[in-house]
Amino acid sequence: MGLAIKIIRRSINALFHNYHAFAATAAILILPVSASVLLSQTLAPSSFPALRNLSSRLRLLLEAAGFPASSEFFTLLNVKIIQTIFSFIFTLPFTLTFLLLAKASIVHMVHYSPRRMITPPPLSSSLRVYFALLQTHVFNSFVILSANAAVLSVLFLAFNIMDALGVSSSNAIFVFSVAGVILYSVVLANVMVVCNLAMIVSAVENCSGYLPVLKACVLIRGRAATAMTLAMPANLSMAAIEALFQYRVMKPYHLSRRLDISTLGEAFSISYIYSMLIVLEVIISCMFYRSCKSEYDCQTELEPDEKGALQA
């Protein structure tokens, strides 16, 4: 916990050290991404025929796989998967362009610009690592998809074993559902932490594909609790901003069916706050990478000395 607090303090100091440059990056590059994410949370996937058909087919698939249709976890899982697919498709063009360029710019300011900057770095410096980030992001998507498939496979085996043993009480199904939610959350959170660190590794070390993920797994070994602690404040803050957008923007729109100047102003303000949270999240990942890298370098330097002492 102490290390996590120290990293958060360093990240906030770095944010205010180059605040004007980070604010410009948030307003120019990340704001379209934030707006697309917030809108994707408000649009109903059931209103799209293709996603509605996909939801029904997914429900039939999960029922055939042995998941109990009456379980709340079954219904929640179906809705969550459809919402994730819809949000991923809706925000994909902005993620592959604006967000990756913004991450490259933020990493450049944190790692390669010790002096105070008023404006973001030139676009050429971001483009140098953009394609490496793009390849890493695509590989991270396959890693996240594989993690989801692995967890669903484990849950499939668990529910089928429970069905084979004749366990069909509502209490047992509830306990298995809660255990499934916890397992799914823990696995997905760890995978997301590794993927976020892999993006920083890709930008700093200019590597792409599976190599940043492997390096991130090595760096994060023994520091998973710190990584989870660092990810929690940003994720909770983003969830709060998404709820605020629903309450202050979408709820008045659904009631009046029109957008006035004040509502548009609040939508812009909330989207900008969300963008600054994304900037802070990337800065925290950069500081965490720096901490992991320094500890890893110290360990690799001490290992030859320890081996020599053992030989003596």
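The values are calculated or read from the model by the stated rules, or taken from the named source; none is laboratory data. Quick caveat: nothing in here was measured; it's all calculated off a predicted structure. Every residue, glycine as well, gets a Cβ built from its backbone with ideal geometry; the counts of neighbours run over all protein chains shown.
Things to note:
- Residue satisfying all of: in the range 232-261; assigned to a helix (DSSP H, G or I) and among the charged types (D, E, K, R); surrounded by the most Cβ atoms within 10 Å (Cβ to Cβ) among these: 242
- Set 173, 182: member being outside any loop (DSSP other than H, G, I, E, B) and loosely packed, with under 14 Cβ neighbours inside 10 Å: 182
- Whichever residue in the range 230-270 is under 17 Å from the mean Cα position of the chain (by Cα) and not hydrophobic (A, V, I, L, M, F, W, C) and, among such residues, is farthest from residue 16 (Cα to Cα): 242
- Pairs meeting the criteria (first residue in the range 41-62 and β-branched (Val, Ile, Thr) and surrounded by 11 or more Cβ atoms within 10 Å (Cβ to Cβ), second residue at pLDDT 75 or above and assigned to a helix (DSSP H, G or I), beta carbons under 7 Å, at least 6 apart or on different chains) are 42/246; 42/250.
- Residue list for the range 205-220, restricted to those being at pLDDT 90 or above and loosely packed, with under 15 Cβ neighbours inside 10 Å: 214, 217, 218
- Listed here are the helices (runs of 4 or more DSSP H) enclosed by the range 1-42 that have at least 3 residues being within 18 Å of the chain's Cα centre (by Cα) and closer than 30 Å to residue 80 by Cα: 31-42.
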